[in-house]
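Following: one structure in C-alpha coordinates, then a few remarks.
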(Lines give C-alpha, C1' and ligand atoms only; values in the text may rest on other atoms or scores of the structure.)
Protein backbone atom coordinates (compact mmCIF):
# COMPACT_ATOMS: atom_id res chain seq x y z
CA UNK A 1 0.00 0.00 0.00
CA UNK A 2 1.30 3.45 -0.91
CA UNK A 3 1.50 5.71 2.15
CA UNK A 4 -0.28 9.02 1.62
CA UNK A 5 2.31 11.82 1.70
CA UNK A 6 0.11 14.30 3.54
CA UNK A 7 -1.80 11.94 5.81
CA UNK A 8 -1.29 14.22 8.82
CA UNK A 9 -2.47 17.38 7.06
CA UNK A 10 -6.12 18.30 7.57
CA UNK A 11 -8.33 21.23 6.66
CA UNK A 12 -6.96 24.71 7.29
CA UNK A 13 -8.47 26.80 10.08
CA UNK A 14 -10.27 29.18 7.72
CA UNK A 15 -12.12 26.32 6.05
CA UNK A 16 -13.04 24.79 9.42
CA UNK A 17 -14.44 28.09 10.71
CA UNK A 18 -16.33 28.86 7.50
CA UNK A 19 -18.04 25.47 7.78
CA UNK A 20 -18.93 26.10 11.43
CA UNK A 21 -20.50 29.51 10.80
CA UNK A 22 -22.35 28.53 7.64
CA UNK A 23 -26.09 29.26 7.88
CA UNK A 24 -25.68 31.02 11.25
CA UNK A 25 -25.69 34.65 12.43
CA UNK A 26 -22.08 34.41 13.59
CA UNK A 27 -19.88 37.23 12.29
CA UNK A 28 -16.93 35.56 10.61
CA UNK A 29 -13.84 37.70 11.18
CA UNK A 30 -11.67 34.73 10.21
CA UNK A 31 -12.81 35.10 6.63
CA UNK A 32 -9.85 35.14 4.24
CA UNK A 33 -11.46 37.03 1.36
CA UNK A 34 -11.65 40.81 1.82
CA UNK A 35 -15.05 42.47 1.55
CA UNK A 36 -13.58 45.59 -0.01
CA UNK A 37 -14.66 45.63 -3.67
CA UNK A 38 -12.21 45.92 -6.53
CA UNK A 39 -12.28 49.08 -8.64
CA UNK A 40 -15.01 49.65 -11.22
CA UNK A 41 -12.32 50.17 -13.84
CA UNK A 42 -10.80 46.73 -13.24
CA UNK A 43 -14.24 45.12 -13.26
CA UNK A 44 -15.08 46.78 -16.58
CA UNK A 45 -11.78 45.62 -18.07
CA UNK A 46 -12.49 42.07 -16.95
CA UNK A 47 -15.88 42.12 -18.67
CA UNK A 48 -14.33 43.57 -21.82
CA UNK A 49 -11.67 40.89 -22.11
CA UNK A 50 -13.95 38.04 -21.14
CA UNK A 51 -15.96 38.96 -24.22
CA UNK A 52 -12.88 39.34 -26.43
CA UNK A 53 -10.29 36.84 -25.22
CA UNK A 54 -12.02 33.86 -23.63
CA UNK A 55 -11.24 31.56 -26.56
CA UNK A 56 -7.48 32.07 -26.24
CA UNK A 57 -4.74 30.31 -24.31
CA UNK A 58 -1.80 32.37 -23.14
CA UNK A 59 1.85 31.39 -23.02
CA UNK A 60 2.65 28.99 -20.14
CA UNK A 61 4.88 31.66 -18.58
CA UNK A 62 2.00 34.15 -18.64
CA UNK A 63 0.77 36.92 -20.89
CA UNK A 64 3.82 38.90 -21.98
CA UNK A 65 1.94 42.21 -21.69
CA UNK A 66 1.25 41.44 -18.04
CA UNK A 67 4.83 40.38 -17.36
CA UNK A 68 6.04 43.64 -18.90
CA UNK A 69 3.63 45.63 -16.72
CA UNK A 70 4.90 43.82 -13.60
CA UNK A 71 8.50 44.49 -14.62
CA UNK A 72 7.74 48.19 -15.01
CA UNK A 73 6.02 48.29 -11.61
CA UNK A 74 9.01 46.60 -9.91
CA UNK A 75 11.36 49.10 -11.51
CA UNK A 76 9.32 52.00 -10.13
CA UNK A 77 9.01 50.52 -6.63
CA UNK A 78 12.45 49.05 -6.06
CA UNK A 79 14.69 50.54 -8.73
CA UNK A 80 15.70 47.13 -10.10
CA UNK A 81 15.05 45.57 -13.49
CA UNK A 82 13.75 42.07 -14.18
CA UNK A 83 13.42 40.69 -17.70
CA UNK A 84 9.74 39.93 -18.39
CA UNK A 85 10.80 37.25 -20.88
CA UNK A 86 12.95 35.18 -18.55
CA UNK A 87 12.57 36.38 -14.94
CA UNK A 88 8.82 36.79 -14.31
CA UNK A 89 6.22 34.00 -14.41
CA UNK A 90 2.46 34.32 -13.95
CA UNK A 91 0.83 31.71 -11.72
CA UNK A 92 -2.58 30.50 -10.64
CA UNK A 93 -2.33 32.48 -7.42
CA UNK A 94 0.46 32.85 -4.88
CA UNK A 95 -0.22 29.42 -3.37
CA UNK A 96 0.59 27.74 -6.68
CA UNK A 97 3.73 29.88 -7.03
CA UNK A 98 4.81 28.80 -3.55
CA UNK A 99 4.22 25.11 -4.19
CA UNK A 100 5.98 25.24 -7.55
CA UNK A 101 8.97 27.10 -6.11
CA UNK A 102 9.34 24.72 -3.18
CA UNK A 103 9.03 21.66 -5.41
CA UNK A 104 11.66 23.12 -7.73
CA UNK A 105 14.31 23.41 -5.01
CA UNK A 106 13.52 20.78 -2.37
CA UNK A 107 14.46 17.12 -2.67
CA UNK A 108 14.41 14.16 -0.32
CA UNK A 109 16.26 14.96 2.90
CA UNK A 110 16.69 18.69 2.28
CA UNK A 111 16.01 21.03 5.20
CA UNK A 112 13.86 24.14 4.88
CA UNK A 113 13.96 26.89 7.50
CA UNK A 114 10.67 28.69 8.07
CA UNK A 115 9.26 30.98 10.70
CA UNK A 116 6.26 30.34 12.92
CA UNK A 117 3.47 31.15 13.10
CA UNK A 118 3.58 30.11 9.43
CA UNK A 119 1.01 30.32 6.65
CA UNK A 120 -0.61 26.92 6.22
CA UNK A 121 0.53 26.07 2.67
CA UNK A 122 4.28 26.01 3.32
CA UNK A 123 4.71 22.81 5.32
CA UNK A 124 2.54 20.56 3.11
CA UNK A 125 4.56 21.64 0.08
CA UNK A 126 7.85 20.91 1.86
CA UNK A 127 6.75 17.53 3.18
CA UNK A 128 5.22 16.36 -0.09
CA UNK A 129 8.58 16.93 -1.79
CA UNK A 130 10.51 14.92 0.79
CA UNK A 131 11.88 17.93 2.66
CA UNK A 132 12.18 18.48 6.39
CA UNK A 133 10.78 21.71 7.83
CA UNK A 134 12.99 23.36 10.45
CA UNK A 135 10.98 25.77 12.59
CA UNK A 136 12.03 29.05 14.16
CA UNK A 137 9.54 30.86 16.39
CA UNK A 138 9.04 34.58 15.90
CA UNK A 139 9.43 36.47 19.16
CA UNK A 140 6.53 38.15 20.92
CA UNK A 141 5.15 40.73 21.26
CA UNK A 142 6.15 42.16 17.87
CA UNK A 143 6.96 38.80 16.25
CA UNK A 144 10.48 39.71 15.22
CA UNK A 145 12.99 37.10 14.06
CA UNK A 146 15.93 36.04 16.24
CA UNK A 147 18.58 35.74 13.52
CA UNK A 148 21.17 34.30 15.92
CA UNK A 149 18.81 31.37 16.49
CA UNK A 150 18.47 30.98 12.72
CA UNK A 151 22.25 30.92 12.22
CA UNK A 152 22.58 28.03 14.68
CA UNK A 153 20.21 25.90 12.57
CA UNK A 154 22.03 26.37 9.28
CA UNK A 155 23.98 23.32 8.09
CA UNK A 156 24.96 21.49 4.90
CA UNK A 157 21.43 20.09 4.54
CA UNK A 158 19.80 23.54 4.57
CA UNK A 159 18.49 24.06 1.05
CA UNK A 160 15.95 26.81 1.47
CA UNK A 161 14.78 29.61 3.77
CA UNK A 162 11.17 30.80 3.46
CA UNK A 163 10.39 34.33 4.65
CA UNK A 164 7.13 36.24 4.61
CA UNK A 165 6.81 40.04 4.79
CA UNK A 166 4.40 41.62 5.59
CA UNK A 167 3.76 38.55 7.68
CA UNK A 168 0.56 36.55 7.50
CA UNK A 169 -1.01 36.32 10.07
CA UNK A 170 0.85 38.47 12.64
CA UNK A 171 1.19 41.67 10.59
CA UNK A 172 4.93 41.96 11.33
CA UNK A 173 7.10 43.55 8.63
CA UNK A 174 10.77 43.23 7.72
CA UNK A 175 13.20 46.00 8.59
CA UNK A 176 16.43 46.89 6.81
CA UNK A 177 18.21 44.98 9.57
CA UNK A 178 16.23 41.83 8.74
CA UNK A 179 17.34 42.09 5.13
CA UNK A 180 20.95 42.56 6.24
CA UNK A 181 20.82 39.55 8.57
CA UNK A 182 19.27 37.29 5.93
CA UNK A 183 21.96 38.38 3.47
CA UNK A 184 24.68 37.65 6.04
CA UNK A 185 23.35 34.17 6.84
CA UNK A 186 23.03 33.09 3.21
CA UNK A 187 26.23 34.73 1.94
CA UNK A 188 28.74 32.14 0.75
CA UNK A 189 26.21 29.30 0.88
CA UNK A 190 24.10 27.47 -1.69
CA UNK A 191 20.90 28.31 0.19
CA UNK A 192 18.03 29.74 -1.82
CA UNK A 193 15.34 32.03 -0.42
CA UNK A 194 11.62 32.17 -1.15
CA UNK A 195 10.04 35.44 -0.06
CA UNK A 196 6.25 35.57 0.22
CA UNK A 197 5.40 39.23 -0.35
CA UNK A 198 1.71 38.92 -1.15
CA UNK A 199 0.84 41.82 1.18
CA UNK A 200 3.61 44.08 -0.17
CA UNK A 201 1.28 47.06 -0.68
CA UNK A 202 -0.37 46.85 2.73
CA UNK A 203 2.20 48.31 5.13
CA UNK A 204 1.12 50.87 7.73
CA UNK A 205 2.30 53.90 9.67
CA UNK A 206 4.64 55.28 7.00
CA UNK A 207 6.79 52.18 7.05
CA UNK A 208 8.35 50.99 3.80
CA UNK A 209 8.02 47.48 2.47
CA UNK A 210 11.47 45.89 2.55
CA UNK A 211 11.54 43.57 -0.44
CA UNK A 212 14.19 40.93 -1.03
CA UNK A 213 14.32 42.31 -4.56
CA UNK A 214 15.86 45.55 -3.34
CA UNK A 215 19.07 43.78 -2.31
CA UNK A 216 21.11 42.66 -5.30
CA UNK A 217 22.91 39.78 -3.58
CA UNK A 218 19.74 38.37 -2.04
CA UNK A 219 17.80 38.81 -5.26
CA UNK A 220 20.29 36.57 -7.08
CA UNK A 221 19.42 33.62 -4.82
CA UNK A 222 15.73 34.39 -4.25
CA UNK A 223 12.28 33.87 -5.67
CA UNK A 224 9.79 36.55 -4.65
CA UNK A 225 6.11 35.67 -4.77
CA UNK A 226 3.22 38.11 -4.93
CA UNK A 227 -0.41 38.22 -6.00
CA UNK A 228 -3.03 40.49 -7.51
CA UNK A 229 -5.71 38.96 -5.28
CA UNK A 230 -4.76 40.89 -2.16
CA UNK A 231 -3.55 44.01 -3.96
CA UNK A 232 -6.70 44.60 -6.02
CA UNK A 233 -9.24 42.69 -3.87
CA UNK A 234 -9.73 39.95 -6.46
CA UNK A 235 -8.58 36.78 -4.64
CA UNK A 236 -11.15 34.75 -6.56
CA UNK A 237 -9.28 35.45 -9.79
CA UNK A 238 -6.35 33.36 -8.50
CA UNK A 239 -3.64 35.17 -10.44
CA UNK A 240 -0.24 35.66 -8.87
CA UNK A 241 3.34 35.78 -10.04
CA UNK A 242 6.91 34.99 -9.08
CA UNK A 243 10.09 36.93 -9.79
CA UNK A 244 13.68 35.75 -9.79
CA UNK A 245 16.93 35.45 -11.69
CA UNK A 246 16.87 33.72 -15.06
CA UNK A 247 18.76 30.75 -13.60
CA UNK A 248 16.27 30.14 -10.79
CA UNK A 249 13.25 30.92 -12.94
CA UNK A 250 14.33 28.32 -15.49
CA UNK A 251 14.08 25.68 -12.74
CA UNK A 252 10.64 26.87 -11.70
CA UNK A 253 9.28 26.95 -15.24
CA UNK A 254 10.15 23.27 -15.74
CA UNK A 255 7.69 22.43 -12.94
CA UNK A 256 5.22 25.19 -13.70
CA UNK A 257 4.70 24.08 -17.30
CA UNK A 258 3.27 20.72 -16.32
CA UNK A 259 1.59 21.77 -13.08
CA UNK A 260 -0.58 24.49 -14.58
CA UNK A 261 0.27 25.05 -18.29
CA UNK A 262 -1.76 28.25 -18.72
CA UNK A 263 -3.52 30.89 -16.61
CA UNK A 264 -6.87 32.63 -17.11
CA UNK A 265 -6.39 34.60 -20.33
CA UNK A 266 -8.99 37.41 -20.20
CA UNK A 267 -8.19 38.33 -16.61
CA UNK A 268 -4.48 38.56 -17.43
CA UNK A 269 -5.34 41.04 -20.20
CA UNK A 270 -7.51 43.00 -17.76
CA UNK A 271 -4.73 43.21 -15.17
CA UNK A 272 -2.13 44.23 -17.74
CA UNK A 273 -4.36 46.99 -19.05
CA UNK A 274 -5.18 48.15 -15.52
CA UNK A 275 -1.51 48.31 -14.47
CA UNK A 276 -0.56 50.17 -17.64
CA UNK A 277 -3.20 52.82 -16.93
CA UNK A 278 -1.34 53.63 -13.71
CA UNK A 279 -2.27 52.46 -10.21
CA UNK A 280 -1.98 54.53 -7.03
CA UNK A 281 -0.91 51.80 -4.61
CA UNK A 282 -0.95 54.26 -1.70
CA UNK A 283 -4.75 54.34 -1.82
CA UNK A 284 -4.83 50.58 -1.26
CA UNK A 285 -2.76 50.97 1.89
CA UNK A 286 -4.84 53.91 3.15
CA UNK A 287 -8.09 51.96 2.99
CA UNK A 288 -6.74 49.03 4.98
CA UNK A 289 -5.02 51.27 7.52
CA UNK A 290 -8.28 53.15 8.02
CA UNK A 291 -9.98 49.83 8.78
CA UNK A 292 -7.21 48.84 11.17
CA UNK A 293 -7.36 52.14 13.05
CA UNK A 294 -11.16 51.95 13.15
CA UNK A 295 -11.31 48.52 14.74
CA UNK A 296 -8.39 49.12 17.12
CA UNK A 297 -10.19 52.20 18.42
CA UNK A 298 -13.41 50.22 18.83
CA UNK A 299 -11.61 47.59 20.91
CA UNK A 300 -9.53 49.95 23.07
CA UNK A 301 -11.87 49.52 26.05
CA UNK A 302 -12.20 45.75 25.68
CA UNK A 303 -10.42 43.19 27.81
CA UNK A 304 -8.02 42.35 25.01
CA UNK A 305 -4.47 43.60 24.71
CA UNK A 306 -3.85 45.02 21.25
CA UNK A 307 -0.62 45.73 19.41
CA UNK A 308 -1.74 47.37 16.15
CA UNK A 309 -0.84 45.39 13.05
CA UNK A 310 2.06 46.79 11.00
CA UNK A 311 0.85 45.27 7.74
CA UNK A 312 -1.56 42.83 6.03
CA UNK A 313 -5.26 42.95 6.95
CA UNK A 314 -4.92 40.81 10.09
CA UNK A 315 -4.95 41.95 13.71
CA UNK A 316 -3.97 39.88 16.73
CA UNK A 317 -5.54 40.05 20.20
CA UNK A 318 -3.93 38.90 23.44
CA UNK A 319 -6.60 37.59 25.84
CA UNK A 320 -4.49 36.74 28.91
CA UNK A 321 -6.55 39.17 31.00
CA UNK A 322 -9.79 37.46 30.03
CA UNK A 323 -9.23 33.71 30.18
CA UNK A 324 -6.80 30.87 30.90
CA UNK A 325 -8.47 28.66 28.31
CA UNK A 326 -6.59 27.27 25.33
CA UNK A 327 -6.89 29.55 22.35
CA UNK A 328 -8.87 26.94 20.40
CA UNK A 329 -11.33 26.58 23.29
CA UNK A 330 -11.66 30.30 23.89
CA UNK A 331 -12.18 30.97 20.18
CA UNK A 332 -14.95 28.37 20.11
CA UNK A 333 -16.61 29.84 23.21
CA UNK A 334 -16.55 33.35 21.72
CA UNK A 335 -18.14 31.94 18.60
CA UNK A 336 -20.87 30.12 20.54
CA UNK A 337 -21.60 32.72 23.22
CA UNK A 338 -20.87 36.03 21.49
CA UNK A 339 -21.40 35.22 17.82
CA UNK A 340 -17.96 36.25 16.51
CA UNK A 341 -15.51 33.92 14.80
CA UNK A 342 -11.80 34.60 15.41
CA UNK A 343 -8.90 32.31 14.57
CA UNK A 344 -6.61 30.80 17.25
CA UNK A 345 -2.94 31.48 16.50
CA UNK A 346 -1.76 28.10 17.80
CA UNK A 347 -2.93 26.40 14.59
CA UNK A 348 -0.10 28.17 12.73
CA UNK A 349 2.55 26.37 14.80
CA UNK A 350 3.60 22.78 14.11
CA UNK A 351 3.46 22.00 17.84
CA UNK A 352 0.37 24.13 18.59
CA UNK A 353 2.10 26.77 20.71
CA UNK A 354 -0.57 28.53 22.76
CA UNK A 355 0.36 32.08 23.76
CA UNK A 356 -3.26 33.14 24.37
CA UNK A 357 -3.52 34.93 21.04
CA UNK A 358 -6.51 35.17 18.70
CA UNK A 359 -6.62 36.92 15.36
CA UNK A 360 -9.07 38.33 12.86
CA UNK A 361 -9.33 40.05 9.49
CA UNK A 362 -10.33 43.71 9.38
CA UNK A 363 -10.92 43.61 5.62
CA UNK A 364 -14.64 43.87 6.29
CA UNK A 365 -17.28 46.57 6.02
CA UNK A 366 -17.26 49.08 8.87
CA UNK A 367 -20.75 48.13 10.02
CA UNK A 368 -19.63 44.51 10.35
CA UNK A 369 -16.50 45.47 12.26
CA UNK A 370 -18.51 47.73 14.54
CA UNK A 371 -21.04 45.04 15.43
CA UNK A 372 -18.29 42.48 15.99
CA UNK A 373 -16.39 44.89 18.25
CA UNK A 374 -19.52 45.60 20.30
CA UNK A 375 -19.88 41.87 20.93
CA UNK A 376 -16.20 41.36 21.76
CA UNK A 377 -16.26 44.25 24.25
CA UNK A 378 -18.91 42.37 26.25
CA UNK A 379 -16.47 39.56 27.08
CA UNK A 380 -15.45 39.71 30.73
CA UNK A 381 -12.96 37.68 32.75
CA UNK A 382 -14.56 34.61 34.24
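Before we move on, is residue 240 farther than 26 Å from residue 81 by Cα, under 21 Å from the mean Cα position of the chain (by Cα) and either surrounded by fewer than 16 Cβ atoms within 10 Å (Cβ to Cβ) or modelled with pLDDT of 95 or more (or both)? No: the conditions fail for residue 240. Cβ-Cβ contacts under 8 Å between residues 6 or more apart (or on different chains), taken from a first residue in segment 127-150 that is outside the structural domain of residue 111 (by TED's automatic domain parsing) and touching a residue at least 40 places away in the same chain (Cβ under 8 Å) to a second residue that is outside any loop (DSSP other than H, G, I, E, B) and surrounded by 14 or more Cβ atoms within 10 Å (Cβ to Cβ), are absent. The lone criterion from (1) assigned to a helix (DSSP H, G or I); (2) under 24 Å from the mean Cα position of the chain (by Cα) left unmet by residue 48 is number (2). When residues of segment 109-135 are filtered for being in a helix (DSSP H, G or I), in contact with a strand residue (DSSP E or B) (Cβ under 8 Å, 6 or more places away or on another chain) and within 14 Å of residue 348 (Cα to Cα), how many remain? Qualifying residue count, segment 109-135: 2. Considering segment 153-181, the residues that are more than 19 Å from the chain's Cα centre (by Cα) and assigned to a helix (DSSP H, G or I) include one that is surrounded by the most Cβ atoms within 10 Å (Cβ to Cβ), namely 181.
If you scan segment 76-108, which residues turn out to be outside any helix (DSSP H, G or I), within 20 Å of residue 247 (Cα to Cα) and in contact with a strand residue (DSSP E or B) (Cβ under 8 Å, 6 or more places away or on another chain)? Spell out how you get there, then give the answer.
First, the residues of segment 76-108 that are outside any helix (DSSP H, G or I): 79-93, 106-108.
With the extra rule that they be within 20 Å of residue 247 (Cα to Cα), the set shrinks to 80-91, 106-107.
Correct list: 82, 87, 88, 89, 90, 91, 106, 107.
Would you be able to say whether some residue in segment 56-75 is in contact with a helix residue (DSSP H, G or I) (Cβ under 7 Å, 6 or more places away or on another chain), assigned to a strand (DSSP E or B) and not assigned by TED's automatic domain parsing to the domain that holds residue 365? So far as segment 56-75 goes, no, none of its residues is in contact with a helix residue (DSSP H, G or I) (Cβ under 7 Å, 6 or more places away or on another chain), assigned to a strand (DSSP E or B) and not assigned by TED's automatic domain parsing to the domain that holds residue 365. Of all the residues in segment 151-188, those that are at positive phi and free of Cβ contacts under 8 Å to residues at least 40 places away in the same chain number 1.
The values are calculated or read from the model by the stated rules, or taken from the named source; none is laboratory data. Just so it is clear, the model here is predicted, and its values are computed rather than measured. For neighbour counting, all protein chains shown are included, and Cβ atoms are generated from backbone atoms with ideal geometry for every residue, glycine included.
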